[in-house]
Amino acid sequence: MIYLELFLSFLQIGAFSFGGGYAAMPLIQDQIVTKHGWLDMAEFTDLITISQMTPGPIAINSATFVGIKIAGVTGALVATIGSILPSCIIVTLLARLYLRYRNLELLQRVLTTLRPAVVAMIASAGISILITAFWGSDGIISLPDTDLIMVGIFIICFLLLRRTKLSPIAVMVLGGVLKLLSAMLFGVGQISI
Amino acid sequence: MPTDIDLYERKMKMENRKNVLIQIFISTLYLSAFTFGGGYVIVTLMKKKFVDEYHWIEDEEMLDLIAIAQSSPGAIAVNGAIVVGYKLAGMIGALVAIVATIIPPFVIISLISVFYEAFKESFLISQLLMGMQAGVGAVIASVVCDMGAEVLHARKISSDIIMAATFIATCVFGVSVIYVILVCIGIGVIEALAFGRREER
């Protein structure tokens with residue numbers, strides 16, 4: 001049953017994404033793209049892009065987006081509830097324990113251990129997004145097929161992010177505009193080696 | 001027998017509680033709708049609102065509540081809403097805060113996904129989205145640089161090993177991230193118990 005599958009998938013995303021922000025991204029990719037194939041890698045990347053440009057956590061945005069695509073508004077509701085249910089239980093429990101004992105040490109130690117793993121998982125997810133951007137959704141890497149315009153846009157965006165104080169949203173929009181301009185000038189076909 | 005004064009007091013209490021709930025709802029709805037840039041930003045704004053502006057929560061307590069929100073699994077914005085709502089008005093408060101936090105992204109993304117399906121095929125939108133894929137790749141690369149540097153600067157060899165091993169496992173061998181997280185939680189608990197004992201001595 002699709003509602004149950006959506007619910008369970010997003011329940012896992014909610015239960016295992018530690019560290020906020022991008023930490024949910026590798027889990028969402030794992031469940032949505034790899035396990036269930038509800039989105040392909042290009043759609044997943046679009047989803048991450050849309051999430052970046054709108055308010056709201058990535059997990060909630062994904063639950064709504066995937067839920068609607070797969071099973072309409074009910075699907076979106078089911079997925080959203082799934083993604084927040086673990087938080088509701090765990091956070092209220094911890095808050096209750098904290099308000100009684102005022103001690104969070106074990107939790108924070110475990111979080112410190114998770115931190116480097118979360119960074120590495122975000123890096124992995126980032127790499128699959130770049131593979132999609134440079135070589136297309138099927139993920140087959142071959143040097144002659146590299147889309148040089150996309151590589152160029154990536155380098156420009158990366159340098160702007162590192163060297164200037166431009167906001168990520170502005171940089172992403174600029175990336176989109178650059179691609180649009182190049183498509184208007186050189187046509188849609190990719191320019192490769 | 002309840003006197004008139006008792007009844008009045010009870011009525012005032014209920015009024016007060018209703019006001020607190022309404023205030024929680026409006027504040028979290030507003031924060032959720034207008035905060036770009038993720039959960040870390042939202043909890044800071046929550047602190048500003050509930051500690052500095054309303055004085056409903058004490059400064060130090062709020063810092064610990066934020067720590068709970070950040071160290072629990074799930075979205076930090078949702079977790080932050082839960083701790084604040086729970087602290088101010090118990091379970092009902094938490095529920096009100098969650099609903100208010102979810103409404104804005106739910107509505108916005110619902111609308112966008114309708115347009116997304118319709119406009120994906122258009123030349124303009126498809127090219128923009130494609131270029132933004134390279135852009136979002138750059139944003140993630142930049143975030144990873146900052147986070148990775150932070151881990152390396154801590155000069156803790158076990159952290160470096162965990163980071164390298166996780167990267168190889170997920171990127172090269174395609175190991176499911178859930179297993180990696182479970183293993184790391186295990187290591188963390190063992191480490192915490194070992195460290196705890198050492199400090200006791």
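Quick note: the coordinates plus some simple rules give every number you see, no bench work behind them. The structure displayed is predicted, hence computed values, not measured ones. Counting neighbours? That spans all protein chains shown, and the Cβs are built from the backbone with ideal geometry, glycine included.
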Name the residue farthest towards the positive end of the dipole of the stretch B:53-201 from the options B:Cys145, B:Ala165, B:His55, assuming +1 on Cβ of Lys and Arg, -1 on Cβ of Asp and Glu, about the Cα centre. B:Ala165
Only helices counted: for chain A, with every DSSP H run of 4 or more residues adding -39500 (n - 2.57) and the sum spread over all residues, [θ] at 222 nm is -25500 deg cm²/dmol
Using the crude model of +1 on Lys and Arg Cβ and -1 on Asp and Glu Cβ, and no other charge, please compute the dipole size for the protein assembly as shown relative to its Cα centre, in debye to 20. 560 debye
Among the listed pairs B:Lys11/B:Lys48; B:Lys47/B:Lys87; B:Lys48/B:Lys87; B:Lys13/B:Lys48; B:Lys11/B:Lys49; B:Lys18/B:Lys87, which have their C-alpha atoms separated by more than 21 angstrom in this model? B:Lys11/B:Lys48; B:Lys13/B:Lys48; B:Lys11/B:Lys49
Only four residue types carry charge here, +1 at the Cβ of Lys and Arg and -1 at the Cβ of Asp and Glu. Report the dipole size of chain A about the Cα centre in Debye, rounded to the nearest 20. 920 debye
For peptide B:89-102, what's the mean number of Cβ atoms from other chains within 10 Å of each residue's Cβ? 2
Under 10 Å, Cα contacts only: if you run a Gaussian network model on chain A, which one of A:Leu77, A:Leu93, A:Leu39 comes out with the highest mean-square fluctuation? A:Leu93
So what's the back-of-envelope 222 nm ellipticity for chain B, counting only DSSP H runs of four-plus at -39500 (n - 2.57) apiece and dividing by all residues, rounded to 500? -28500 deg cm²/dmol
Toward the positive end of the charge dipole of the stretch B:1-119, about the Cα centre and with charges on Cβ (Lys, Arg +1; Asp, Glu -1), which of B:Ala33, B:Ile76, B:Ile109 goes farthest? B:Ile109
Sort the following peptides by mean Cβ neighbour count (other Cβ atoms within 10 Å, averaged over residues), highest first: A:171-180, B:184-193. A:171-180, B:184-193
Principal-axis tilt of helix B:4-34 within chain B, Cα atoms, nearest 10 degrees: 20 degrees
Of B:Ala94, B:Ala149, B:Ala169, the one that fluctuates the most in a GNM where chain B has Cα springs shorter than 10 Å: B:Ala169
Part-to-part distance (alpha-carbon centres) for the stretch A:48-119 and the stretch B:17-36, which is given in Å: 19 Å
Who wins for biggest fluctuation among B:Phe34, B:Phe173, B:Phe119 in a Gaussian network model of chain B, springs between alpha carbons below 10 Å? B:Phe173
Between the Cα axis of helix A:2-16 and the main Cα principal axis of chain A, the angle (0 to 90°, nearest 10) is 80 degrees
What is the mean number of Cβ atoms from other protein chains located within 10 Å of the Cβ atom of each residue in peptide A:169-178, rounded to a whole number? 6
Over the whole of A:42-52, what's the average partner chain Cβ count within 10 Å per residue? Rounded to a whole number, please. 6
